[in-house]
């Protein structure tokens with residue numbers, strides 16, 4: 001180029017540049033564009049996500065040489081049968097599902113009024129503050145939060161201090177403590193979808209219901225809840241599935257109780273039986289498939 | 001007003017949002033069976049008044065009476081008024097029939113009776129047979145009718161309509177205007193209609209209240225509002241007006257106060273012709289010609305710089321466009337001039 005101060009016309013210099021050529025090529029070839037856009041996420045989803053799950057599924061059908069502790073790639077249904085028929089696994093599965101259900105119910109009951117206040121009552125300023133407040137616990141480490149609950153529930157802890165004047169006592173360590181702690185951990189994941197769902201219910205619908213003669217509870221039952229159903233299901237999927245897989249919380253505040261996660265953990269570690277661990281891990285997956293199918297039946301997933 | 005108890009009586013009604021007086025010391029009586037419009041630009045307080053009557057807002061001060069009964073502090077579900085919302089507010093998870101029957105269901109009307117009454121209400125808005133659909137499967141005009149059916153099936157004493165035709169296209173809007181008027185006649189109840197569309201208000205109403213800054217600028221029949229606007233605001237908001245401020249009025253018309261003249265009352269003549277007795281004749285030049293189909297809007301720049309808008313009916317097919325730059329005399333009967341109250345403050 002010469003050193004003349006007048007620059008070349010923008011159009012001229014652009015036709016030269018390779019970046020422009022690529023752009024022109026891409027804008028003319030929609031399929032190439034789509035391919036480039038999707039290849040990276042599809043690679044991630046396919047390899048890292050689906051492949052890992054498939055590996056788990058396959059491992060469950062293998063076995064372990066009890067003498068050497070080596071995984072043998074001979075096909076067998078033994079692990080699946082053990083998991084399905086063993087009374088230990090049945091008990092722990094029922095206990096885990098019970099805990100997950102109770103955690104979900106507690107979370108929904110706590111989240112509904114909080115989300116309603118955030119979406120329909122609070123001023124826009126307070127709304128922003130509350131969203132941040134709900135998200136804030138997620139900034140802290142999971143372990144720290146669980147140990148905080150351990151201290152709250154401990155002998156002479158805050159729970160006891162609060163409950164004693166009313167003649168109560170701290171629930172101590174055990175399944176109630178596990179449910180309380182898990183409900184606390186997953187609460188943001190339940191509040192946020194319900195809050196988002198309520199945001200999508202226009203105020204005019206609440207006014208219309210009241211205008212037509214419905215009192216507050218009637219409006220909540222006939223208008224708000226039915227419209228909120230998909231959001232509640234979405235929130236419950238989080239709290240239910242996260243509870244099904246948890247083993248750290250129950251270790252820290254659950255006393256001697258075991259959940260499915262603990263069985264997986266001991267089978268991978270102490271027992272060194274990866275195939276059995278994989279078979280146990282299939283239980284929560286199967287439960288979630290049933291849960292999602294049931295949710296689908298209600299039509300709740302159509303509106304997500 | 002008539003001696004009978006009015007359907008709605010508002011006394012000293014005030015609503016403050018923060019430091020803004022949305023409604024300021026409003027006194028208003030709306031008669032039984034009246035089609036009453038509240039007309040005004042956005043932010044003039046007309047919708048707030050509607051919401052105060054419905055009970056969605058509580059007034060800062062003042063009272064709302066419904067057929068002589070003070071309902072100021074009653075919840076919306078305890079008031080015998082129903083609302084047609086601007087966005088229709090149909091319940092998306094219910095069918096059309098369930099929507100219409102909702103008010104009856106809430107009142108504990110039996111299943112058979114409420115289905116029958118809801119069907120009848122749907123038939124009255126020409127939607128018989130649509131009961132099984134979801135609101136999302138209906139067009140805008142149909143949703144509008146469902147909202148009307150839902151609000152009228154519970155037989156309110158007063159129906160409140162919050163810009164119900166705003167979202168419809170022009171053709172449909174004109175059709176719905178006729179249907180609204182017919183519905184109001186057949187039901188015989190009071191309609192309170194909020195709109196920012198002056199033409200809609202003029203077409204539909206028995207009486208109109210023109211709102212501005214939270215108070216009523218003028219209250220009267222459509223003819224009174226259009227023919228005798230009381231203030232420059234009403235004159236320019238309802239229809240088009242050529243307004244002469246006091247100094248212009250004195251210089252050109254020999255009047256001492258603000259006056260206005262409607263564009264259709266002005267005729268354009270050649271300078272050579274003689275003005276009739278009692279007419280004002282103002283010389284000027286045509287600066288712009290806008291063809292409107294049935295009529296033509298002509299802007300005339302008068303000597304001295306004042307611009308006049310003139311509306312001429314298109315009787316002949318003569319092209320008006322080439323009249324730009326033509327010297328004309330704008331003439332109108334001085335009796336057609338309307339004196340306006342001077343602008344306060």
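Here are the numbers for this structure:
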item	result
Residue in the stretch A:229-248 that is farthest from residue A:106 (Cα to Cα), counting only those that are free of Cβ contacts under 8 Å to residues at least 40 places away in the same chain and part of a helix (DSSP H, G or I)	A:245
Meets criteria (surrounded by fewer than 19 Cβ atoms within 10 Å (Cβ to Cβ), without any contact (Cβ under 8 Å) to a residue 40 or more places away in the chain, more than 30 Å from residue B:104 (Cβ to Cβ) and under 28 Å from the mean Cα position of the chain (by Cα)) for residue A:251	yes
Wholly within the stretch B:142-257, strands (runs of 3 or more DSSP E) carrying at least 3 residues that are within 23 Å of residue B:280 (Cβ to Cβ) and in contact with a strand residue (DSSP E or B) (Cβ under 7 Å, 6 or more places away or on another chain)	B:242-244
Any hit, the stretch B:168-185, residues being within 14 Å of the chain's Cα centre (by Cα) and crowded, with 22+ Cβ neighbours inside 10 Å	yes
Test: residue in the stretch B:79-87 that is in a strand (DSSP E or B), more than 10 Å from chain A (Cβ to nearest Cβ) and either closer than 27 Å to residue B:218 by Cβ or touching a residue at least 40 places away in the same chain (Cβ under 8 Å) (or both)	no
Exclusive hit being surrounded by 13 or more Cβ atoms within 10 Å (Cβ to Cβ) and free of Cβ contacts under 8 Å to residues at least 12 places away in the same chain, set A:81, A:158, A:108, A:114	A:158
Test: residue A:235 is crowded, with 17+ Cβ neighbours inside 10 Å, more than 9 Å from chain B (Cβ to nearest Cβ) and more than 22 Å from residue A:94 (Cβ to Cβ)	yes
Residues within the stretch B:187-199 that are in contact with a helix residue (DSSP H, G or I) (Cβ under 7 Å, 6 or more places away or on another chain) and in contact (Cβ under 8 Å) with a residue 40 or more places away in the chain, tallied	6
Out of A:131, A:103, sole residue that is surrounded by fewer than 19 Cβ atoms within 10 Å (Cβ to Cβ) and touching a residue at least 60 places away in the same chain (Cβ under 8 Å)	A:131
Identity of the residue in the stretch A:223-232, in contact with a helix residue (DSSP H, G or I) (Cβ under 7 Å, 6 or more places away or on another chain) and at the interface with chain B (Cβ under 9 Å from one of its Cβ atoms), that ends up surrounded by the fewest Cβ atoms within 10 Å (Cβ to Cβ)	A:229
Qualifying residue in the stretch A:289-296 (condition: without any contact (Cβ under 8 Å) to a residue 12 or more places away in the chain, in the same structural domain as residue A:171 (by TED's automatic domain parsing) and part of a loop (DSSP other than H, G, I, E, B))	no
Any chance residue A:236 is closer than 30 Å to residue B:147 by Cβ and in the same structural domain as residue A:293 (by TED's automatic domain parsing)	no
So residue B:91, is it over 23 Å from residue B:165 (Cα atoms), surrounded by 18 or more Cβ atoms within 10 Å (Cβ to Cβ) and without any contact (Cβ under 8 Å) to a residue 60 or more places away in the chain	no
Sole exception among (1) closer than 18 Å to residue B:163 by Cα; (2) buried (at least 17 other Cβ atoms within 10 Å of the Cβ) for residue B:41, by number	(2)
Search result, residues across the stretch A:173-216 that are surrounded by fewer than 23 Cβ atoms within 10 Å (Cβ to Cβ), part of a helix (DSSP H, G or I) and within 11 Å of chain B (Cβ to nearest Cβ)	A:203, A:204, A:205, A:206, A:207, A:216
Looking only at the stretch B:40-59, and only at residues there that are in a loop (DSSP other than H, G, I, E, B) and within 14 Å of chain A (Cβ to nearest Cβ), the one that is farthest from residue B:17 (Cα to Cα)	B:55
Conditions (1) at pLDDT 95 or above; (2) surrounded by fewer than 19 Cβ atoms within 10 Å (Cβ to Cβ): number failed by residue B:19	(1)
Any chance residue B:36 is under 22 Å from the mean Cα position of the chain (by Cα) and either within 20 Å of residue A:211 (Cβ to Cβ) or assigned to a helix (DSSP H, G or I) (or both)	yes
Single residue of B:141, B:108, B:62, B:131 found to be away from chain A (no Cβ under 13 Å), out of contact with any helix residue (DSSP H, G or I) (no Cβ under 6 Å at 6 or more places or on another chain) and surrounded by fewer than 23 Cβ atoms within 10 Å (Cβ to Cβ)	B:62
Complete set of residues in the stretch B:94-110 that are part of a helix (DSSP H, G or I) and more than 18 Å from residue B:77 (Cα to Cα)	B:96, B:97, B:98
Options A:260, A:220, A:206: the member that is closer than 20 Å to residue B:104 by Cβ, touching a residue at least 60 places away in the same chain (Cβ under 8 Å) and either in the same structural domain as residue A:102 (by TED's automatic domain parsing) or in contact with a helix residue (DSSP H, G or I) (Cβ under 9 Å, 6 or more places away or on another chain) (or both)	A:206
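Let's see how each residue does on (1) under 30 Å from residue B:65 (Cβ atoms); (2) without any contact (Cβ under 8 Å) to a residue 40 or more places away in the chain; (3) assigned by TED's automatic domain parsing to the domain that holds residue B:204:
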| position | (1), (2), (3) |
| --- | --- |
| B:105 | yes, yes, yes |
| B:129 | no, yes, yes |
| B:132 | no, yes, yes |
| B:137 | no, yes, yes |
| B:142 | no, yes, yes |
| B:158 | yes, no, yes |
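The values are calculated or read from the model by the stated rules, or taken from the named source; none is laboratory data. Every value quoted in this text rests on a predicted model; they were computed, and no experiment measured them. Please note: Cβ atoms are built from the backbone with ideal geometry, for glycine as well, and neighbour counts cover all protein chains shown.
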